[in-house]
1. A:His598 to A:Ser671: FRET efficiency via 1/(1 + (r/R0)^6), r the Cβ-Cβ distance, R0 22 Å, to the nearest 0.05?
2. Taking neighbour Cβ counts within 10 Å as the exposure measure, how do A:Ser7, A:Ser170, A:Ser560 sort from fewest upward?
3. For a test of the definition: using alpha carbon positions, the gyration tensor, and the 1.5 limit on a/c, classify region A:109-216 as rounded, prolate or oblate.
4. Please compute the Kirkwood hydrodynamic radius of chain A from all pairs of different C-alpha atoms, in Å with one decimal.
5. Straight distance only, please: which aspartates and glutamates reach the Cα of A:Lys480 with their own Cα at less than 14 Å, same-chain residues fewer than 8 apart left out?
6. Over region A:433-475, what is the mean sequence separation of C-alpha contacts under 8 Å (at least six apart), divided by residue count, expressed as relative contact order in percent?
7. Reachable lysines from A:Lys343, Cα under 30 Å, same-chain residues fewer than 8 places away excluded?
8. On a full-extension model of 0.36 nm per residue, what is the gain between A:Val703 and A:Arg16, subtracting their alpha-carbon distance, rounded to one decimal in nm?
Amino acid sequence: MPYVYLSVALDLPLPRSFDYRAPAGVTGVGERVIVPFGRQTLSGVVLAVSDVPPDFPKLKDIAEAPADLPALPADVMALCRFCADFYAAPLGMVLAAALPAALRQPRPWAGDGTHWHWQAVDADGLLARLSPRARKQRQLAELLRTPQAREAVRDVAGDALRWLGEWQASGDVVAVAPVRAGGVPRQVALPALNAAQAAAVTAVDAADGYAAFLLYGVTGSGKTEVYLRTIAARLARDEQVLVLVPEINLTPQLEARFRARFPDEAIVSLHSGLADGERTRNWLQAARGDARIVLGTRLAVFTPLPRLGLIVVDEEHDGSYRQQEGVRYSARDLAVWRARDRKLPVLLGSATPSIETWKNASEGRYTRLDLPVRAVAGAVAPTLELLPTGRIALQDGIHPLALERLRATLARCGQALVFINRRGYAPVLACNECGWVSNCKRCEARLVLHLGDRRLRCHHCGFECTIPAECPDCGNADLKPLGQGTQRIEDALAARFPDTPPLRIDRDNTRRKGSLEAMLAQVHDGRVRLLVGTQMLAKGHDFANLQLVVVLNADAGLFSVDFRAEERLFAQLLQVAGRAGRAGQPGQVLIQTRYPEHPFYAALLAGDYAAFADEQLATRRELLLPPCAAWLMIRAEAKRIETALAFLNALRGALAGQGVQAMTPIAATMSRKAGWERAQLLVTAPTRGPVVAAASHLAELLVAKPPKGVRWVIDVDPQDV
DNA sequence: AGCACGCCGACT
DNA sequence: GTCGGCGTGCTC
């Protein structure tokens, strides 16, 4: 039997591939193989096929070539190679990250990847046999008069999929192949474009080959409409479109909007919140070219799309495009690389572009498309106002004027949001007598007081304990909560506004699946008019009647060691502000600050992000900070900081002569976390080349000779300092 | 990463 | 006398 020899990338932290023998013809480059490895069995991706046997005496045969995915196309392989090289990650790990979990298992995938639809053979006959009391079953039978996707069936009731299985077995329901949309998409509810939107659409449509666009426009300026129009133009050429969004909880809203616009289109979403089966089916639909629109989070950037014609990155500045575990890639940067490689336009949208993107736009590498006008019906710019807190007595952490405005807003039946980026009741519990504070034993952080279940919690390592009745050091029984968290603000507002009880929305009470949606529904139908929330509420959710936003602790971002903190604060505050004033009246945004004179607030109040970004960029140029220099961060943790620092110092030595500057290793911002002491080594160079080379040099070194008792991470182009 | 093999302390 | 600690070495 003729054999071929495969080079296979495995999901291991090793920067090399392994060779196997396989019968000729059963597999090819980009396909999945299941192979024996030591005494385990692993899934891998074929990198190369050769007729020449490698010089390795213990060569093994592959176990299986499951052929359950279409071979990863050359462009996805190239993207993964680039990602592996740039971020100093093993190629096998990148390829594993590119596949849905079911196609990473060392066994063939049982599903066939088709999004079958289901239809009743004789709906009336089925209904006649159902009990009149089985309301949900009858509802499902009614629905199945027309073909329904699995997900639509599932949404009817918890047991709906089981009934479907039974009805299929009894022959009442059959699977039908979904119709694949093609050619010019049918669009409904097409709003008129303003001049800026029309110009943007024209520019993107005219792109032939690679072109990067920055779609720069505030909330309500109609960015989504521009996406929809350019997408329609690509669909009309029967191309596929990849749309990246930052967070899972944003996908349903945007997905609904896309479905409403393109009712006949198979729109497929890809994010980590999907069940394995659904994600795999969606991925395969995209990879086979059956779905023309893919809407996904960062992991979707690797999706094979044979007829890809456009990539959209919404909210391109958002930090969640950065993968922080395992392979540390930036999906936004990879999207731009992929667009260039495949010679396609890429559209980056933001009201507050990252300084990286801003630099590319101001130096002409990206074309800036401005949407200066609020295009969405009823959208009006919110008014921003500072509330200096230096000399005035706050009431439960809230400025009296803010309370007054809250009262007025609620009195005229408006909705109001109090924004505070701190969960819990109070960020720390302290003893007035001896100065004891609730420190975490394992982290360089405070234990946060949670009154709901009367516990102290560390938000960094998960440690928790009951609230001590008295000071552990001096026995004083009068321990005081210091500062405000969402729960304390909720309590304070509940006491002040008994007629309009506040609803708190933060991670503590939205852990359960669907609870966030349920809460948002209460806000949308007006049952709740006073909201207290964190970060979570800043993104994506539009509340039509929201008239007032009060921001309580913005200052935290002003004096950070991280040079990107101001940029993030600006984005966050504008995003929160953008929640207000969407129904005709201008929204009001009040920002409490102890530093009203800070230049940051002058820029914010001027509402001129462009001026702010120009200034930030000038500073970065002057101080040689990214993106005007290339950075690499080696993070290390050990039981003792000395071990971590010694390890980093040794690495620093290994970087001599590499054309990079390695700084002195220092303790990390949070120097202790979960019992590990942490340090970091910053490596810089004027350009990316030497930094990337240094990263792969170190990675090789560390894999060849792993340090004892030290955990390390190589972070190319770090986003947090 | 797994999972072996391989030499030194407290237990059936 | 064994069970078991995790140190280092290999996996095609």
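Every number here is computed from the coordinates shown, using simple stated rules; none is lab data. In this text the structure is predicted, and so the values were computed from the model without any measurement. No Cβ is skipped: glycine too gets one built from the backbone with ideal geometry, and neighbour counts run over all protein chains shown.
1. 0.20
2. Working: A:Ser7 18, A:Ser170 11, A:Ser560 14.
Arranged by neighbour count, lowest to highest, A:Ser7, A:Ser170, A:Ser560 become A:Ser170, A:Ser560, A:Ser7.
3. Values: a/c = 3.37, a/b = 2.50, b/c = 1.35.
Prolate, since a/c reaches 1.5 and a/b exceeds b/c.
4. Details: mean 1/r = 0.0350 Å⁻¹.
Hydrodynamic radius (Kirkwood, Cα pairs) of chain A is 28.5 Å.
5. Qualifying aspartates and glutamates at Cα under 14 Å: A:Asp396, A:Glu433, A:Glu470.
6. So the answer I get is 32 percent.
7. Qualifying lysines at Cα under 30 Å: A:Lys223, A:Lys359.
8. On the way: separation 687, 0.36 × 687 = 247.32 nm, distance 1.07 nm.
The span from A:Val703 to A:Arg16 would gain 246.3 nm if fully extended.
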